[in-house]
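Below is one structure, written out as structure tokens; comments come after it.
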Amino acid sequence: MQQPWRALMVLWLAAVVWGSALLALIWIAPPQPWPATVAWGCGLALLLLLALSLGVWLRVESLQSQSSSAQARQEQAGDELQIAALQRALAAERGQRQQWQQAAAQAQQAQAQAQQRLAGAAHALHALEPRLHSVLHGLACLPPGHGDAAASAQSDTAQTLSAQWRELAADLAAQAELVQQQRVWGDALARFGADQEQAAARLQQRSQRLAQTAADVQLLGLNLRLQLSHLAQTATVDAATLEQAAADLDALVSGLDTPAAEAAEQTAAAPPQPPAITAAQQTMAQALQRVQRIDALFAAWQAQAAAQHARCAEWQQQVQQQHQALAGVLQSLRELQRGWPRQAEKNS
Amino acid sequence: MNGAQTWLQFRVGGQTHALDAAAVRQILRQPRLLQPPLAPAICPGWVAWQGRPLPVLDLGACLSRRPSVHGDARYLVWTQAEQGGVLAVDAVGALLHLPATVRTQHWTPVAPGLPPPWSAICGLLHADPADAIELPAVEPVAVFDPLALWQVCLFADRRAAAPAPDGGWEEP
């Protein structure tokens, strides 16, 4: 490109020198015959015309170069769009994977808290069990003759405590089952994440193999098309058959560009979904509420058992006092029985 | 057979060029390239093709552009006038088939005198011939003569670069 520009500059300089020389000749020298002046003018016009045509040619070449670069930019933009689509699909997959990992971490944390609370509840239940049995035993061993109302209260209290005990045991078994389900769910979520990573890797490998196969088949089709063009140069081959084969081959090769792009679009449009995280978290919250309710029930039962135990001790003390009073009355009666004959002999 | 001519399009450095399809024997992808030590960038090695060792010409390096010998390169095996070689290009496009009835409208021969390696251009195709019958020309495609390209690229340093032979390309 530099040499044509240099030639254009040389032509312009030659035209300027030629014109300057003509003006100087007219100004200094005496008037020349008109053929010389016409020759000078024609030479100047020819130089200007050459320079103008060279400039137009350079302009046309520049426009062609710009057209070529514009098409190259369009193709590059198409490639960049495909790369951007693949990058978006990859970023969406990474974001989904991070969400699954966060959900798995939250589920494991909630599971650990539930296990801790369940262990505390079981410990409190075991601590309460001997005292509850002693209370039930004391109520059962209440001495007779304490009145029908007291006996009825004993029976009601014992039945209530037994029923609450059975309910508590059933609640703890249900909580243990829930925690076990939560553990199974966490394991399934972890396996799901690992499976998704493996599936993404397999999908990427399949896409690469598919693109490689498409490139191979396209190259094979192009080579066959090349051989067909060589066969067409021979005179013994039917031209219509060759043209039909070439058209079929072109249709086959042109349809090989789509599978890789379609796979990328499917990956971006339909990312796989993990198990139902929200429902499982709600189940875990309900389980925690039940554990808290059982804690409160434990406290109420402990207070009730302590009150029953105090009442039982009071009843035992009263019974002992009555026994002592009765023993004193019996002793007085025996003394009266022993002293009654001697008193009768004195009176007689 | 019927006077039609076919060209094979390829891309080097972002531009589309073409070769006469009659000279191209096969298109290879990632052939085993024998690279001798201290090989020049224009001729990085040799390829064995049908029992013949053929030198490889990196057309990108030859045209002072990005080297064409890379992972996605295509290698065009050509034979012409008892000579042969391999041209490494960036990509290969479709074949251009131009009937004899419209060739003169879309083919312009290049006069000798261009500096090497552009002196290996034997003509210009005005547009994609498949569309040019109905659409105006948008971009000319430079058609190279492989034998002339070989001479101007490989033997330029020996001052043996000859002008493009006239027998390789006939004016349509």
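The values are calculated or read from the model by the stated rules, or taken from the named source; none is laboratory data. This structure is a prediction, so every number in the text was calculated from the model and none was measured. Glycine gets a Cβ as well: all are built from the backbone with ideal geometry, and neighbour counts include every protein chain shown. What goes into the accessible areas is simple: the full protein's heavy atoms, side chains included, and nothing from ligands, DNA or RNA. Shrake-Rupley method; radii C 1.70, N 1.55, O 1.52, S 1.80 Å.
In whole angstrom, how far apart do the alpha carbon centroids of region B:17-60 and region B:75-113 sit? With region B:17-60 and region B:75-113 each reduced to a Cα centre, they are spaced 17 Å. Roughly speaking, what is the stretch gain from A:Ala24 to A:Thr234, that is 0.36 nm per residue apart minus the C-alpha to C-alpha distance, in nm to one decimal? Result: 68.5 nm gained on full extension.
Ligands, DNA and RNA left out, the accessible area of region B:47-124 computed with a 1.4 Å probe is 57% carbon and sulfur.
Using a 1.4 Å probe and counting only protein heavy atoms, how much accessible surface gets buried when A and B come together, both sides summed, in Å² to the nearest 100? Before the final figure, lay out each step's value.
On the way: alone 24500 and 9290 Å², together 31960 Å².
For chain A against chain B, roughly 1800 Å² becomes buried.
Per-atom-type breakdown for region A:1-113 gives carbon and sulfur 67% of the accessible area (1.4 Å probe, protein chains only). For the pair A:Ala211 and A:Arg334 in one chain, pulling the backbone fully straight at 0.36 nm per residue adds 32.5 nm over the alpha carbon distance. Using a simple spin-label model with pseudo-atoms 7 Å out from Cα toward Cβ, A:Ala122 and A:Glu177 lie 1.7 nm apart.
What FRET efficiency would be calculated for the residue pair A:Arg191, B:Gln105, taking the C-beta separation as r and a Förster radius of 45 Å, to the nearest 0.05? Don't jump to the answer; show the numbers that get you there.
Working: r = 68 Å, r/R0 = 1.51.
Approximately 0.10, to the nearest 0.05.
As an exercise, use a Förster radius of 41 Å and the Cβ-Cβ distance of B:Arg65 and A:Ala245 to find the FRET efficiency, rounded to the nearest 0.05. Walk me through the numbers before you get to the answer.
Details: r = 36 Å, r/R0 = 0.87.
Once rounded, the FRET efficiency stands at 0.70.
Per residue, how much accessible area does region A:1-94 have with a 1.4 Å probe, in Å²?
Per-residue value: 77 Å².
Given +1 on the Cβ of Lys and Arg, -1 on the Cβ of Asp and Glu, and no further charges, what dipole in debye does region B:8-137 carry about its Cα centre, rounded to the nearest 20? In total the dipole reaches around 360 debye.
Secondary structure note: in region B:1-89, about 90% of the DSSP beta bridges are antiparallel.
Each residue was assigned an accessible area with a 1.4 Å probe, and for A:Asp187 the value is about 80 Å².
Computed from the C-beta positions of B:Arg29 and A:Met9, the FRET efficiency with R₀ = 45 Å rounds to 0.40.
Computed over region A:179-249, the quotient of the alpha carbon radius of gyration and 2.2 N^0.38 Å is 2.31.
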